[in-house]
Amino acid sequence: MSEKRDTDRLYLDYAATWPMRREVWRAMEVELDRGFNPASAHTPGRQAHRQLELARGKVAELLGCERSWVYFTGGGTLSDNLAILGFTRARERSRVFVSQIEHKACLEAAERAADEGATVEIIPVDETGTIDTGWLTRELGAETGRPTLVSVMWANNEIGTVQPMDEIVALAHERDALVHTDAVQALGKIDVDMSRTPVDLLSGTAHKLGGPVGIGFLACRTGVELEPLSYGGGQERSMWPGTQNPLGATGLAAALELAIGEREAVSSRWIELRDHLEARVLDEIPGARIHGGDAPARLPQLVSVGIPDCDSGAVLVSLDMEGIAVSGGSACGSDSGAGSTVVDALGLEDEPPYTTVRFSFGHETTRDDVDRAATALARIASRVSALSV
Ligand SMILES: Cc1ncc(COP(=O)(O)O)c(C=O)c1O
């Protein structure tokens, strides 16, 4: 059975969650009868421990880092919180730089750090969503001698802009700042390797890769001190205490391995699909724009369309009624009723008001799928904008 459809449903929201892949199920199934506590000293417990450590080793190898850097957590949000609050709580007078377009998991953790006394600075982005490295260089140099963390997501979840991580790491390290990156959307889509791009902290999550929900990791370079967010039985070397999840970790490692293994082959196909969808949208929807379309680097499988003069809810509901699942800005913001802070941060001319529709592809997405979505969007946009005038 196909993973993305029942009957004629079309799923183009892989950036929200990439449904569990058969191959990942199968990798986990092999371990299903070993659902024991890896902290137990008996034989089943030791087997579970081996399984967990096998997964940790595989994740480390795939990330280009040491096994001891990988701490399993409950997902991307928790890893981002651990990176930012773990950094500020372990240090006096710390500073944190976060970009304007971070995921809420980082923005709200930074806000919390500010409440607790850290200085938080917001890095501006240009109209493609790329951070202003000149600004960052100046501000990092303006005040030296304070423990500083720069937290910039590798790839944006709403518009797909990929940040110049090599440059960010180099300029931060030259000024004695550490770097955290939320690589949740980048992993498996673009090349992410900590041995080549030496970030100090890196967050990931399995469910954006075709793995299970509820398991993620923070990779933390040796020597980077963090204060844990919770306390208990000392698991994950006290960084993430609580009974560990070998089954989830197995699924995470399998999903990461699969995604990285097929990345090069699938991404050239994705780029063709992305370009085709964008060309059709720009051709067929008057006034439409592509958010982040001119960015120097972008995710291959994500398209954020801006449509003028259309009610966002009406467009998304109409697509859903046609069996096409997509998001507004991000899935996380979709129940808050708020517009997209990411698109706002681009500072585009928003007159008339624009609505955002995000399409994101998976390994199964075909050209027919993209054509069906483009045709439906053009039809719906013209109907909804006629109703809006
Ligand atoms: C960039 C980014 N960071 C963090 C998260 C949160 O990850 P999780 O859902 O595993 O908590 C998401 C998920 O939407 C995301 O897209």
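The values are calculated or read from the model by the stated rules, or taken from the named source; none is laboratory data. The shown structure was predicted, so the numbers you read here are calculated from the model rather than taken from an experiment. Cβ atoms come from the backbone with ideal geometry, glycine included; neighbour counts cover every protein chain shown. Protein only, heavy atoms only, side chains kept; ligands, DNA and RNA dropped before computing areas. Shrake-Rupley method; radii C 1.70, N 1.55, O 1.52, S 1.80 Å.
Values as computed for the structure displayed
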read-out: Neighbours by Cβ (under 9 Å, 6+ apart or cross-chain): first from the stretch 93-120, under 16 Å from Leu226 (Cα atoms); second within 15 Å of the ligand (Cβ to nearest atom) and of a type in the set (Ser, Thr, Tyr); value: Val96/Ser151; Cys106/Ser99; Cys106/Ser151; Cys106/Ser203; Ala109/Thr77; Ala109/Ser151; Ala110/Ser151
read-out: Output for the stretch 166-182, where each listed residue is over 21 Å from Glu225 (Cβ atoms) and buried (at least 19 other Cβ atoms within 10 Å of the Cβ); value: Ile168, Leu171
read-out: Residues (within 12 Å of the ligand (Cβ to nearest atom) and part of a loop (DSSP other than H, G, I, E, B)) located in the stretch 174-186; value: Ala183, Val184, Gln185, Ala186
read-out: Pairs where the first residue, in the stretch 36-64, is without any contact (Cβ under 8 Å) to a residue 60 or more places away in the chain and the second is of a type in the set (Lys, Arg) and part of a helix (DSSP H, G or I), C-beta under 8 Å, 6+ apart; value: Ser40/Arg46; Pro44/Arg34; Gln47/Arg34; Glu53/Arg67; Gly57/Arg67
read-out: Of all residues in the stretch 86-105 being more than 16 Å from the ligand (Cβ to nearest atom), basic (Lys, Arg) and out of contact with any Lys or Arg (no Cβ under 6 Å at 6 or more places or on another chain), the one that is farthest from Asp176 (Cα to Cα); value: Arg89
read-out: Some residue of the stretch 63-80 being more than 16 Å from the ligand (Cβ to nearest atom), under 20 Å from the mean Cα position of the chain (by Cα) and over 30 Å from Leu52 (Cα atoms); value: no
read-out: Residues of the stretch 294-318 that turn out to be surrounded by fewer than 19 Cβ atoms within 10 Å (Cβ to Cβ) and out of contact with any Lys or Arg (no Cβ under 9 Å at 6 or more places or on another chain), as a count; value: 7
read-out: Any hit, the stretch 125-133, residues being in contact with a Lys or Arg (Cβ under 8 Å, 6 or more places away or on another chain), more than 23 Å from Phe359 (Cα to Cα), assigned to a helix (DSSP H, G or I) and at pLDDT 95 or above; value: no
read-out: Qualifying position, being surrounded by fewer than 15 Cβ atoms within 10 Å (Cβ to Cβ) and not in a loop (DSSP other than H, G, I, E, B), among Leu82, Leu32; value: Leu32
read-out: Residues of the stretch 1-50 satisfying the condition of being modelled with pLDDT under 95, under 28 Å from Gln185 (Cβ atoms) and touching a Phe, Trp or Tyr at 6+ places or on another chain (Cβ under 6 Å); value: Lys4
read-out: Filter result for Leu258 (out of contact with any Leu (no Cβ under 7 Å at 6 or more places or on another chain), buried (at least 21 other Cβ atoms within 10 Å of the Cβ) and either of a type in the set (Val, Ile, Thr) or at pLDDT 95 or above (or both)); value: no
read-out: Scan of the stretch 134-162 for residues that are part of a loop (DSSP other than H, G, I, E, B), open to solvent by 10 Å² or more (accessible area, probe 1.4 Å) and either under 15 Å from Pro198 (Cβ atoms) or modelled with pLDDT under 95 (or both), ordered by number; value: Glu143, Thr144, Gly145, Trp154
read-out: Filter result (open to solvent by 20 Å² or more (accessible area, probe 1.4 Å), under 13 Å from the mean Cα position of the chain (by Cα) and away from the ligand (no atom under 11 Å from the Cβ)) within the stretch 187-240; value: Ile190
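Let's see how each residue does on (1) in the same structural domain as Trp154 (by TED's automatic domain parsing); (2) farther than 28 Å from Leu63 by Cβ; (3) part of a helix (DSSP H, G or I):
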{"position": "Thr250", "(1), (2), (3)": "yes, no, yes"}
{"position": "Ser268", "(1), (2), (3)": "no, no, yes"}
{"position": "Asp275", "(1), (2), (3)": "no, yes, yes"}
{"position": "Leu282", "(1), (2), (3)": "no, yes, yes"}
{"position": "Gly292", "(1), (2), (3)": "no, no, no"}
